[in-house]
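Student: Dropping a structure here in structure tokens format, bear with me for questions.
What follows draws every value from the coordinates through simple rules; no lab data is involved. These numbers come from a predicted model, not from an experiment. Don't worry about glycine lacking a Cβ; one is built from the backbone with ideal geometry, like all the others, and counts go over all protein chains shown.
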Amino acid sequence: MNVVITGGNRGIGLALVKHYVSQGHHVYATCRNSCDDLNVSGATVVKGVDVSKPEFLPDALAPLANVSIDLLINNAGVLGKEGLGDWDPHTIDYQFRVNALGPLLVTQALLPSLSSDGKIALITSRMGSMEDNSSGGYYGYRMSKAALNAAGVSLAQDLKPKGIAVGLFHPGFVQTEMVNGNGDIDADTAAGQLYERIAELALNNTGQFFHANGEKIPW
């Protein structure tokens with residue numbers, strides 16, 4: 001199976017790359033800049049892919065134009081920590097460009113290469129859930145992930161007639177650089193759980209929002 005993973009150079013993305021390679025899949029890992037771990041992972045590395053810059057994405061993704069993609073994992077993301085009294089519209093705009101618009105643009109660019117029974121996985125967050133929000137704050141991250149969820153449901157509706165399933169997955173509170181190493185589980189554990197959920201993704205559950213542990217998350 002040919003798998004494309006964005007943001008494959010660190011954290012959950014790198015763990016996903018390693019997991020899919022270990023299962024015998026051919027992985028194409030996109031990133032802005034590579035790292036030693038990614039270079040020796042066995043994946044094909046596509047550097048210079050910045051999902052926040054739509055004007056450059058078509059050229060950056062050109063190396064994948066002739067790849068028949070079975071699974072696209074939109075993983076690249078950023079986290080800001082804006083509070084009501086600590087507001088920066090520039091960081092909020094950047095989170096929207098990376099977390100919400102970026103996955104949509106990557107999907108649009110690679111859609112011609114996606115196989116007729118392919119899958120798209122969006123690595124989102126339960127922080128984009130309205131019902132689950134009991135603590136407030138994190139305005140840019142919450143809003144951008146809610147926007148990603150909306151885009152994912154629309155993609156699921158639009159692509160279902162083509163036989164392509166779309167899943168929205170919360171990886172858990174993962175111990176990565178993005179959260180300063182805090183978290184409940186490590187990246188390898190999260191990657192293994194995500195692998196299982198993505199394997200279960202099909203047209204009968206397309207457009208649904210799941211925790212990596214299998215729990216269904218409310219919108």
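Student: Which one of Ser52, Ser125, Ser68 has the biggest mean-square fluctuation once the chain is modelled by GNM with Cα springs under 10 Å?
Tutor: The residue with the greatest mean-square fluctuation here is Ser68.
Student: Relative contact order, percent, of the chain when contacts are C-alpha pairs under 8 Å separated by at least 6 residues?
Tutor: Computed over the chain, the figure is 19 percent.
Student: Let me ask something additional. In the Gaussian network model of the chain, springs joining C-alpha atoms below 10 Å, which of Ala109, Ala156, Ala187 carries the largest mean-square fluctuation?
Tutor: Fluctuation is largest for Ala109.
Student: Next question. Select from Asp186, Asp59, Asp86 the residue whose mean-square fluctuation is largest in a Gaussian network model of the chain (Cα-Cα springs shorter than 10 Å).
Tutor: Taking springs between Cα atoms under 10 Å, the residue moving most is Asp86.
Student: Something else: Amide H of Ile73: which non-local residues (sequence gap of 5 or more, or other chain) have their own amide H closer than 5 Å, using H built in the peptide plane?
Tutor: Val4, Ile5, Thr6, Ala121
Student: Within the chain, which whole H helices from DSSP have a Cα span along their axis of at least 18 Å and a mean Kyte-Doolittle hydropathy of -0.5 or more, if any?
Tutor: Membrane-span-like by this criterion, though nothing is claimed about a membrane: 139-159, 187-200.
Student: Past the 21 angstrom mark, what percentage of all C-alpha to C-alpha distances in segment 111-219 do you count?
Tutor: Taking all Cα-Cα pairs of segment 111-219, the fraction more than 21 Å apart is 37 percent.
Student: Next question, about the same structure. Please provide three numbers in whole Å: the alpha-carbon extents of the chain along the principal axes, with the largest listed first.
Tutor: Cα extents, longest axis first: 48, 39, 35 Å.
Student: Would you list which lysines come within 30 Å of Lys81, measuring only between C-alpha atoms, while excluding same-chain residues fewer than 8 positions from it?
Tutor: Cα-Cα hits under 30 Å: Lys18, Lys47, Lys53, Lys145, Lys216.
Student: Given DSSP loops and a limit of at most 15 other Cβ atoms within 10 Å, what is the longest stretch of the chain that contains no such GluC sites (Glu not before Pro)?
Tutor: By the stated rule (loop sites, at most 15 other Cβ atoms within 10 Å), 132-214.
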